[in-house]
1. What residues qualify as long-range amide H neighbours of residue 152, i.e. H under 5 Å apart, gap of 5 or more or another chain, H built at 1.01 Å from N?
2. So, in nm, how far is label residue 44 from label residue 110 when the simple model puts each one 7 Å beyond its Cα toward the Cβ?
3. Taking 0.36 nm per residue of separation and subtracting the Cα-Cα distance, what length does fully extending residue 52 through residue 87 add?
4. Given contacts defined as C-alpha pairs under 8 Å and at least six residues apart, what's the relative contact order of the chain, whole-number percent?
5. With a 10 Å radius around each residue's Cβ, average the other Cβ atoms per peptide and rank 115-122, 99-106, highest first.
6. For a test of the definition: using alpha carbon positions, the gyration tensor, and the 1.5 limit on a/c, classify region 125-175 as rounded, prolate or oblate.
7. If you find the alpha carbon centre of region 107-175 and of region 51-80, how far apart are they in angstrom?
8. What is the dipole size for the chain, taken about its Cα centre, with +1 at each Lys and Arg Cβ and -1 at each Asp and Glu Cβ, in debye to the nearest 20?
Amino acid sequence: MTARPPTFTRFRDAQAELARSGAVLFRDADGVESLVIRYPYSIDYIHSYAEDSPFFLGLAEGRLRGSKCRKVKCGFVYGTPRSHCMVCGTPTEWADLPTRGRVHSWTTCHFGSEAFLKETPYNLALVEFDGVGSLLLVRLKDCVESDLYVGMPVEARFDPNPKYSITDVWFVPAP
Ligand SMILES: [Zn+2]
C-alpha cells in the first residue's frame, strides 16, 4: 500500500487521480497540504406529498390538476395548485386543467440540476390555459429555442412510466 497519495497543486489534476485511486494530497497556495478522498454516498429520501398528492397521482393518470376557489363568487382557477385562494383566502378544490395551452413566457436553461443534466440545454415555459387565472411552469420538449414564441400552442405529454415527480409531465408544440 502506498503510504502517501500523490500531491497536486491544481485541483483539476487532483480530480483525475481521485477518480482513479480515490485519494490525493492537495497543496494550496499557502503550502497547506490537505488529504482529499473520494467518498461516494447516496440516500433514499422518504418524502410525503401530503395535500399535494392528488397532483402527482393525476400526472400518473395523464391528468393535469390545478385548483379552483370554492367561493362561487370568486371561482379563481390556479394552474399551479394552491390549498387556499390568493384572491379571497377561501380553500380551493381540485380541478382538471386543459392539457392544451399557450406559451406565456419561456427561458432556455444551459445549466441544470442533476436530474436535468442529460437534457441540457432545455426549455422551461410558463404555460397559460383558457379559463385558468395563473400559470404552470413546465419543461418544453421536441423544440429548440428558436422555435419558441409567446402565444405558441403547446400540449401536455405524460410519462407512461410515472415516477410521481414533476418530471412526469412536459409540454410539446401542439399542431
Ligand atoms: Zn377565491
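1. Amide H to amide H, under 5 Å and 5 or more residues apart or across chains, residue 152 pairs with 103.
2. Each label point is offset 7 Å from its Cα along the Cβ direction, giving 4.0 nm.
3. Numbers: separation 35, 0.36 × 35 = 12.60 nm, distance 2.00 nm.
Separation in residues times 0.36 nm, less the Cα-Cα distance, equals 10.6 nm.
4. Details: 322 pairs, mean separation 27.8, N = 175.
Answer for the chain is 16 percent.
5. On the way: 115-122: 12.4, 99-106: 18.0.
The densest-packed peptide leads the list: 99-106, 115-122.
6. Numbers: a/c = 2.03, a/b = 1.26, b/c = 1.61.
Cα axes put region 125-175 in the oblate bin.
7. 18
8. Values: 20 positive and 21 negative charges, 51 e Å.
Approximately 240 debye in magnitude.
No lab work stands behind these numbers, since they all come straight from the coordinates. If you're wondering where the values come from, they're calculated on a predicted model, not measured in any experiment. Here Cβ is always computed from backbone atoms with ideal geometry, including for glycine, and neighbour counts include all displayed protein chains.
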